[in-house]
Amino acid sequence: MDAKDKLKIPRQKMPEQNPNARAKNFMEVPLGYSPKTAQLEAQRCLHCKIPKCMEGCPVGVKIPEFLKLIVEGDFAAAARKIKETNSLPAVCGRVCPQESQCEATCILGKKKEPVAIGRLERFVADYEREKNLIKLPKKLPSNKKKVAIIGSGPSGLTVAGDLIKLGYEVTIFEALHKPGGVLIYGIPEFRLPKAIVEAEVDYLVKQGVKLELNKVIGASKSVEDLMKKDGYDAIYIGVGAGLPRFMRIEGENLSNVYSANEYLTRINLMKAYLYPQHYTPIALGRKVTVVGGGNVTMDSARCALRTGAESVTVVYRRAREQMPARAEEIHHAEEEGIFLKLLNNPVELIGDDKGAVKEMKCIRMELGEPDDSGRRRPVPIEGSEFPIKTDLVIMGIGAGANPLLTSTLPTLELNKWGYIVADENGKTSMKGVFAGGDIVTGAATVISAMGAGKRAARAIDVHVRSKK
Amino acid sequence: MYKILSKSEIVPNVHKLVLEAPDIAEKAKPGQFVILMIDETGERLPFTLSDWDAKNGTITIYFLEVGLSTMDLVRFKGEELSAVIGPLGKPTPIDKFGTVVLGGGCYGVGGIYPIAKAMKEAGNTVITLIEARSSYLLYNEEGLRRVSDRFIVATEDGTKGEKGKVHDVIENLIQEESIDRAYFIGCTFMMMNCLNKTKTHDITTFVALNPIMVDGTGMCGCCRCSVDGKTKFACVDGPIFEAKEVDWDQLFKRNAAYSQQEAIIYQFHSCESEGV
């Protein structure tokens, strides 16, 4: 097939659950490609001499090579090709912002639509898993060196996946009772089924990665214990940005006001939507208001809808173009009936006599001069306050650095916001201690945390080998 | 998995649970708590650490059956819990303060023991004060007596010790002794009542707050309380706070957030498991 024919193939759509049905269930929204559709889509790749798509991938997935394998019909081989550099393809195929990474740099995107790399990544990873074709990768013989990873989120899992192949003895310490970090407690089932996260973690465990759940490093065990008592040769800190932000407005501590972290943890980790089969309760709002504009905000809003809310409104202080959420997530949310109230900001929450929120006072905003982030700064319009009736408020305005672990390490350099100072390879001010992901960069994406994990894994390998 | 070494109802509706948890026993300090999970479908339940033995690797908690999850824990027949997490929270600073009073009610009768013991070891004069509705509901007396210079029991019906509650007894105590610090652990109402007595005498008073929690590591913010006009997370900033600045009204209301749902489910499950 020559380039001309390839250009004639349109980008293949992925079927989705219909918005009315899916707004009432927690099942996955996009349904996946069929093998035929996947092959057709993969054929669209022009196999550029210098594949720009790879430059857009933080973990350097060999995109043209795996696409070629799809065209040839060897889907499992395509999945293994991805796994050479990315240990979580089924996750990345679902939650990566491909539109601003690999697909943004795809040459086809200049005139037509880019190859649906993310959907294809998802397809092959699902195919391999569902057909039980997962094969463990080759592993170097044990070098008897031990690495401790603190946090089992995307960056920690990546470090584990890379180092176990190099022959390290790898142990992941996780504070919660399930592994996966934000993939388990944060991202909802309908966007990332938990069975997939479990399978990806299981893939690492089968390769020999040890998991120590319910271990809060900094409380149950110190970093010093890990290095001196347990003899770890290096430590990787990938604990995420686990400290919810609040707006510090009046009424924020009323009942039925949640941080997005709490709301999503109750739903995703504790399965509160299955109450009382699962024992963790959650407030069931009728008129839900979610504050913020990121993916976490959209996730919270869509969860609220699925627990039976009559209406869900997202209140965001800037305009639509400035929302940090993926376009796809905003689109899905609106399709499901979530209402966006843009250029509005809460100023106060008002409670009833039982201390539960009943109203949100908002103020209208307009866009002023650009701020540090380059986005036009939202400015309140004086005297424009107005009330919104609401019985459940979720604050999805971001997360900061959780000090539980870092506060126990006086020699670990932090920046003024409490994030760990690390170079591009994850090296911190403490010898043998590396860090990456949100605890270094502040809240970002799954894939950027994985990229940091990849670079840190290489640096850890160099560090350990250079030790006498 | 975490082994249950013993579980028993020591007086009506007070249960003592001893668990094998060597990591926690090694690190535990007075004022800290643990989170337990019975199984995957259970809640993450926070409990005050009431004792530990680093040598044998065990920890002890006391709890009351107050809802669905604690009922489950009481009736649980398994040998292991699916999760025991800790020690969590900030340890309470131990120093030589002079005369230290510790008041306990409900689970706090067990909960005050580690602080009392540490305060005694630090050279303080330790006065412990416990309450129950009636004499047959008192527990932990022997242990507390051992670490106290003065040990006072209060029962509401007057069947043992002084008649009344801790906040009644402390009234007289304040007249008799020069108290440098006071600590109260128990239900919210009890702690608030005690504080109301000590604060009029300017006694520095600490309480172990008991808001609803989920993760217990500062990640979710469910346990936020207003202390001194600032929002604090009880799980990482506390659970022990200086009491005079606590917004009690807010704590009561936040703690009641799920009471309606839970009351219905608790009844339903109680009937079901009793075969009604």
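Residues of the range B:156-172 that are assigned to a loop (DSSP other than H, G, I, E, B) and open to solvent by less than 20 Å² (accessible area, probe 1.4 Å): B:164 alone.
Kindly check whether there is at least one residue in the range A:401-414 that is within 19 Å of the chain's Cα centre (by Cα) and touching a residue at least 60 places away in the same chain (Cβ under 8 Å). I'd like the intermediate steps shown before the answer.
At the first step, the residues of the range A:401-414 found to be within 19 Å of the chain's Cα centre (by Cα) are A:401-402.
With touching a residue at least 60 places away in the same chain (Cβ under 8 Å) added as a condition, the list becomes A:401-402.
Yes, the range A:401-414 contains at least one residue that is within 19 Å of the chain's Cα centre (by Cα) and touching a residue at least 60 places away in the same chain (Cβ under 8 Å).
One residue alone among B:74, B:84 is open to solvent by 10 Å² or more (accessible area, probe 1.4 Å) and either at positive phi or not assigned by TED's automatic domain parsing to the domain that holds residue B:199 (or both), and that residue is B:74.
Specify the residue that is farthest from residue A:280 (Cα to Cα); the eligible residues are those in the range B:212-249 that are without any contact (Cβ under 8 Å) to a residue 40 or more places away in the chain and among the basic types (Lys, Arg). Out of the qualifying residues, it is B:230.
Selection of the range B:210-235 for residues being open to solvent by 10 Å² or more (accessible area, probe 1.4 Å), more than 7 Å from chain A (Cβ to nearest Cβ), in contact with a helix residue (DSSP H, G or I) (Cβ under 9 Å, 6 or more places away or on another chain) and under 24 Å from residue A:217 (Cβ atoms) yields only B:213. The set of residues in the range A:424-468 that are closer than 25 Å to residue A:167 by Cα and among the charged types (D, E, K, R) comprises A:424, A:427, A:431, A:454, A:455, A:458, A:461, A:465, A:467, A:468. Restricting attention to the range A:240-272 and to residues that are touching a strand residue (DSSP E or B) at 6+ places or on another chain (Cβ under 7 Å) and among the β-branched types (Val, Ile, Thr), the residue that is most open to solvent (accessible area, probe 1.4 Å) turns out to be A:249. Name the single residue, out of those in the range A:179-216 being open to solvent by 30 Å² or more (accessible area, probe 1.4 Å) and among the acidic types (Asp, Glu), that is nearest to the other protein chains (Cβ to nearest Cβ). Among those that are open to solvent by 30 Å² or more (accessible area, probe 1.4 Å) and among the acidic types (Asp, Glu), it is A:212. The residues in the range B:178-203 that are under 23 Å from residue B:249 (Cα atoms), part of a loop (DSSP other than H, G, I, E, B) and among the small types (Gly, Ala, Ser) can be counted, and the count is 1. Just to be sure before I move on: is residue A:65 open to solvent by 30 Å² or more (accessible area, probe 1.4 Å), within 24 Å of residue A:451 (Cβ to Cβ) and not in a loop (DSSP other than H, G, I, E, B) in the structure I sent? Considered against the rule, which asks whether it is open to solvent by 30 Å² or more (accessible area, probe 1.4 Å), within 24 Å of residue A:451 (Cβ to Cβ) and not in a loop (DSSP other than H, G, I, E, B), residue A:65 comes out as yes. Residues in the range B:13-32 that are over 18 Å from residue A:177 (Cβ atoms), modelled with pLDDT of 95 or more, in a loop (DSSP other than H, G, I, E, B) and not basic (Lys, Arg): B:28, B:30, B:31, B:32.
Report whether or not residue B:186 is in contact with an Asp or Glu (Cβ under 9 Å, 6 or more places away or on another chain), of a type outside the set (Asp, Glu), surrounded by 16 or more Cβ atoms within 10 Å (Cβ to Cβ) and not assigned by TED's automatic domain parsing to the domain that holds residue B:73. Considered against the rule, which asks whether it is in contact with an Asp or Glu (Cβ under 9 Å, 6 or more places away or on another chain), of a type outside the set (Asp, Glu), surrounded by 16 or more Cβ atoms within 10 Å (Cβ to Cβ) and not assigned by TED's automatic domain parsing to the domain that holds residue B:73, residue B:186 comes out as yes. Among the residues here, residue B:153 does not qualify as part of a strand (DSSP E or B), modelled with pLDDT of 95 or more and either open to solvent by less than 10 Å² (accessible area, probe 1.4 Å) or within 14 Å of chain A (Cβ to nearest Cβ) (or both). Of all residues in the range B:236-247, those being open to solvent by 50 Å² or more (accessible area, probe 1.4 Å) and within 9 Å of chain A (Cβ to nearest Cβ) number 1.
Could you say whether any residue in the range B:261-274 is at pLDDT below 95, away from chain A (no Cβ under 14 Å), more than 16 Å from the chain's Cα centre (by Cα) and open to solvent by 20 Å² or more (accessible area, probe 1.4 Å)? Even if it seems obvious, please write down each step before you answer.
Here is the first cut: in the range B:261-274, the ones at pLDDT below 95 are B:261-274.
Filter once more, so that each one left must be away from chain A (no Cβ under 14 Å): B:274.
Add one more test, that the residue is more than 16 Å from the chain's Cα centre (by Cα), and what stays is B:274.
Right, trim to open to solvent by 20 Å² or more (accessible area, probe 1.4 Å) and you get B:274.
Checking the range B:261-274: at least one residue is at pLDDT below 95, away from chain A (no Cβ under 14 Å), more than 16 Å from the chain's Cα centre (by Cα) and open to solvent by 20 Å² or more (accessible area, probe 1.4 Å).
Cβ-Cβ contacts under 8 Å between residues 6 or more apart (or on different chains), taken from a first residue in the range B:139-161 that is more than 14 Å from residue B:127 (Cβ to Cβ) to a second residue that is open to solvent by 80 Å² or more (accessible area, probe 1.4 Å) and aromatic (Phe, Trp, Tyr), are listed as B:159/B:136. Of all residues in the range A:346-370, those satisfying the criterion of being more than 21 Å from residue B:250 (Cα to Cα) and open to solvent by 30 Å² or more (accessible area, probe 1.4 Å) are A:364, A:366, A:367, A:369, A:370.
From the list B:50, B:8, B:82, the lone residue that is free of Cβ contacts under 8 Å to residues at least 12 places away in the same chain and in contact with a strand residue (DSSP E or B) (Cβ under 9 Å, 6 or more places away or on another chain) is B:8.
If the requirement is being buried (at least 17 other Cβ atoms within 10 Å of the Cβ) and at pLDDT 95 or above, which of these qualifies: A:389, A:427?
Working: A:389 fails: buried (at least 17 other Cβ atoms within 10 Å of the Cβ).
Testing whether each residue is buried (at least 17 other Cβ atoms within 10 Å of the Cβ) and at pLDDT 95 or above leaves just A:427.
For the range A:217-255, give me each residue that is part of a loop (DSSP other than H, G, I, E, B), among the polar types (S, T, N, Q) and at the interface with another protein chain (Cβ under 7 Å from one of its Cβ atoms).
Taking the range A:217-255 and keeping what is part of a loop (DSSP other than H, G, I, E, B), we get A:218-220, A:222, A:230-233, A:238-242, A:245-249, A:251-254.
Checking the rest, the ones that are also among the polar types (S, T, N, Q) come to A:220, A:222, A:253.
Those that are part of a loop (DSSP other than H, G, I, E, B), among the polar types (S, T, N, Q) and at the interface with another protein chain (Cβ under 7 Å from one of its Cβ atoms): A:220, A:253.
Of the listed requirements (1) of a type in the set (Ser, Thr, Tyr); (2) under 25 Å from residue B:255 (Cα atoms); (3) open to solvent by 10 Å² or more (accessible area, probe 1.4 Å), residue A:311 misses just one: (2). Looking at B:250, B:175, just one residue is among the polar types (S, T, N, Q), in a helix (DSSP H, G or I) and within 13 Å of chain A (Cβ to nearest Cβ), and that residue is B:250. Only one entry of B:65, B:26 meets the criterion of being within 12 Å of another protein chain (Cβ to nearest Cβ) and closer than 24 Å to residue B:234 by Cα, and that entry is B:26. Pairs linking a residue in the range A:306-335 that is over 14 Å from residue A:289 (Cα atoms) to a residue that is assigned to a strand (DSSP E or B), with Cβ atoms under 6 Å and 6 or more positions apart or on different chains, are A:318/A:378; A:319/A:342; A:320/A:342.
The values are calculated or read from the model by the stated rules, or taken from the named source; none is laboratory data. Predicted, not measured: the structure shown is a model, and the values here were computed from it. Using ideal geometry, Cβ is built from the backbone for each residue, glycine included, and neighbour counts are taken over all protein chains shown. Areas reflect the complete protein model, heavy atoms only, side chains present, ligands, DNA and RNA absent. Shrake-Rupley method; radii C 1.70, N 1.55, O 1.52, S 1.80 Å.
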